[in-house]
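Asks: I'd like to ask you about the structure that follows.
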Amino acid sequence: MKWDHGRIEIWKMTLNLIAKKPMLGCGPDNLKKGLFISCKYEAVKFYLRTHTVVDKAHNEYLNIAATIGVPALILYLTFLSLILLPKLKNKSKLNYIFVLVIISYLAQAFFNISTIGVAPLFWMILGLSDNQYIDGNCLKQKDIRNNK
């Protein structure tokens, strides 16, 4: 078996699907059906060679673009940027840890999709990093009720 286990071929099929349905994609969690409708020749060829049906893009960003559209991917990346970029300016150790965890997840997402074991931890860390601010070396929670 090849070193990439067909991942490059899956990415090419997914990119073809994105080119055919860029705005809305093929529907949430519907990549398998979208590939067999829009890229039937490649999907069937892949299945006959590997005996595997492609149901995930093996790339979170391509999976989002293919299933719910390029605008959704842009919104997702914008959302992450709005949380992450301000954290890069703050040089505290806690912020460094949050940024390192978030960037590590985003890097591995290029070769995998979100899984039930890791995704909740990522979203909790993302929420914690956005809900907290650093004052010196001390972590303080925002007090919305008293506007502090």
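Asks: Run the accessible area of the stretch 5-67 with a 1.4 Å probe and give the carbon-and-sulfur part as a rounded percent. Kindly include the intermediate steps, with their values, before the conclusion.
Replies: Working: 2180 of 3570 Å².
On the stretch 5-67, the fraction of accessible area on carbon and sulfur atoms equals 61 percent.
Asks: Would you mind counting up the charge near residue 27? Only other residues with Cβ under 12 Å from its Cβ, with Lys and Arg at +1 and Asp and Glu at -1.
Replies: Taking every other residue near residue 27 into account, the sum is +2.
Asks: Further, regarding this structure: Kindly state, to the nearest 0.05, the FRET efficiency for residue 75 paired with residue 103, given R0 = 22 Å and r defined as their beta-carbon distance.
Replies: 0.65
Asks: Taking 7 Å along the Cα-to-C-beta vector as the label spot, tell me the residue 33-residue 20 distance in nanometres, rounded to one decimal.
Replies: 1.5
Asks: Using the Cα gyration tensor of the stretch 54-136, with a ≥ b ≥ c the square roots of its eigenvalues, what is the shape: rounded (a/c below 1.5), prolate (a/b larger than b/c) or oblate (neither)?
Replies: prolate
Asks: I would also like to ask the following. With the other protein chains left in place, how much accessible area per residue, in square angstrom, belongs to the stretch 73-126 at a 1.4 angstrom probe?
Replies: 65
Asks: Per residue, what volume in Å³ does the convex hull of the Cα atoms of the stretch 1-106 enclose?
Replies: Given the Cα convex hull of the stretch 1-106, per-residue volume reads 108 Å³.
Asks: So if we plug the beta-carbon distance of residue 111 and residue 44 into 1/(1 + (r/R0)^6) with R0 = 30 Å, what FRET efficiency do we get, rounded to 0.05? Show your work: numbers first, answer last.
Replies: Details: r = 25 Å, r/R0 = 0.83.
So, using R0 = 30 Å, E works out to roughly 0.75.
Asks: Using only the C-alpha atoms of the stretch 47-100, find the volume of their convex hull and express it per residue in Å³. Write out the running numbers ahead of the final one.
Replies: Details: hull volume 5.4 nm³, N = 54.
Residue-normalised Cα hull volume stands at 99 Å³.
Asks: Between beta-carbons, use under 14 Å as the cut-off and find the net charge around residue 73, counting Lys and Arg +1, Asp and Glu -1.
Replies: 0
The values are calculated or read from the model by the stated rules, or taken from the named source; none is laboratory data. Quick caveat, the model's predicted, so the values are computed rather than measured. Methodologically, a virtual Cβ is constructed for each residue, glycine included, from the backbone with ideal geometry; neighbour enumeration extends over all protein chains shown. Heavy atoms of the whole protein, side chains included, go into the accessibility calculation; ligands, DNA and RNA do not. Shrake-Rupley method; radii C 1.70, N 1.55, O 1.52, S 1.80 Å.
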